[in-house]
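Every number here is computed from the coordinates shown, using simple stated rules; none is lab data. Everything numeric here is computed off the predicted structure, so don't read it as measured data. Cβ sites come from the backbone with ideal geometry, for glycine too, and all protein chains shown count toward neighbours.
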Amino acid sequence: MSDMNLVVVGAAGRMGQTLIRAIHASRGARLAGAVERAGSPWLGHDAGELAGVGILNVPISDDPLAVFAKADGVVDFTAPAASVEFAGYAAQARIVHVIGTTGCSAEDDAAIKAAARHATIVKSGNMSLGVNLLSVLVRQAAVALEAADFDIEVLEMHHRHKVDAPSGTALLLGEAAAKGRGVSLHEESVRVRDGHTGPRPEGAIGFATLRGGSVVGEHSVILAGEGERIVLSHHAEDRSLFARGAVKAALWARGRKPGLYSMLDVLGIPG
Ligand code: NAD
């Protein structure tokens, strides 16, 4: 089979540049296009040169429709409104769309789901094998340890530039815990605590967010009982981890029927 032609949207971003390097290093994929927002100072620059892998003759464009027309897939770590727009274009072009963007609202997710009628979409708050495996362990722990005996808290830390909280990964792990407990995360989660909060509600799934420095991503799910505590953790040391996962997802999705898939599907881990 010929190499998969991939477009990186948000090409000048932290993840965008990491994705360009990952595609360049991958077998079976090639960089076919690069897109940035209108007004970006990087428009017209060569995507390979910007990402530090040398000239690839792929100029950064602000015209996603024209670039998608020549591609087999799009890899997208941008912002919620942009990812919704790109999902619509991927549906029009009937291509693969891998979405790593976090912070999507329920309306954004509904729009992406609608686009998945025509596009083959893989969306995950975390593209690493480790976190997806961890989510399965969290769900098992939540099944085994009853809400009356064990409190669940999700703690995360990221670099100072991150704009959404809790992180997509923290929410993914919270969802896994809620699934294990058979409850709705939306109804049971406590996302902020401040002032006189009263005692902890039984069964709540709590979140705590730290921001600072250059931390790539630290997550711990704490199951706290009387006299003992289980801590399930993941430490991301380098964002190339997420980029490699995203390229793997794109290659996996090639030729699959349209739909909305998760990283658990890609990795073949029973959800
Ligand atoms: P960043 O701010 O460095 O990069 C985002 C880029 O997207 C910017 O260059 C911006 O100009 C571009 N962009 C925004 N709107 C656009 C549009 N309409 N068209 C084209 N480009 C547009 O951010 P980042 O650290 O690279 O993170 C990006 C997203 O990926 C965030 O939501 C982050 O949480 C998420 N993320 C997910 C994972 C995962 O495994 N799922 C891992 C890391 C980061």
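Points worth noting:
- The trypsin sites (Lys or Arg not before Pro) found in the range 145-185 that occupy coil by DSSP, while having at most 14 further C-beta atoms within 10 Å, are R160.
- Cα centroid separation, the range 136-184 to the range 249-263: 25 Å.
- Principal axis extents of the Cα atoms in the range 52-95, from largest to smallest and rounded to whole angstrom, are 31, 22, 16.
- Residue-span extension gain [D3 to R229] - 0.36 nm each, minus C-alpha spacing: 76.5 nm
- Rg/Rh (Cα only; Kirkwood hydrodynamic radius) as it applies to the range 15-103: 0.93
- The gain in end-to-end length when the S184 to Q140 segment is fully stretched comes to 14.2 nm, 0.36 nm per residue minus the alpha carbon separation.
- Given 12 as the ceiling on other Cβ atoms within 10 Å, longest exposed-site-free region of the chain for GluC sites (Glu not before Pro) in DSSP loops: 1-145
- Long-range HN-HN contacts of G217 with modeled amide H, under 5 Å: A236
- Just so you know, the averaged projected area of the alpha carbon convex hull for the chain sits at 15.2 nm².
- For K179, a cut-off of 24 angstrom between C-alpha atoms picks up these lysines, skipping any fewer than 8 places away in its own chain: K113, K123.
- Here is the size of the range 168-271 from its Cα atoms: Rg then Dmax, 17.0, 54 Å.
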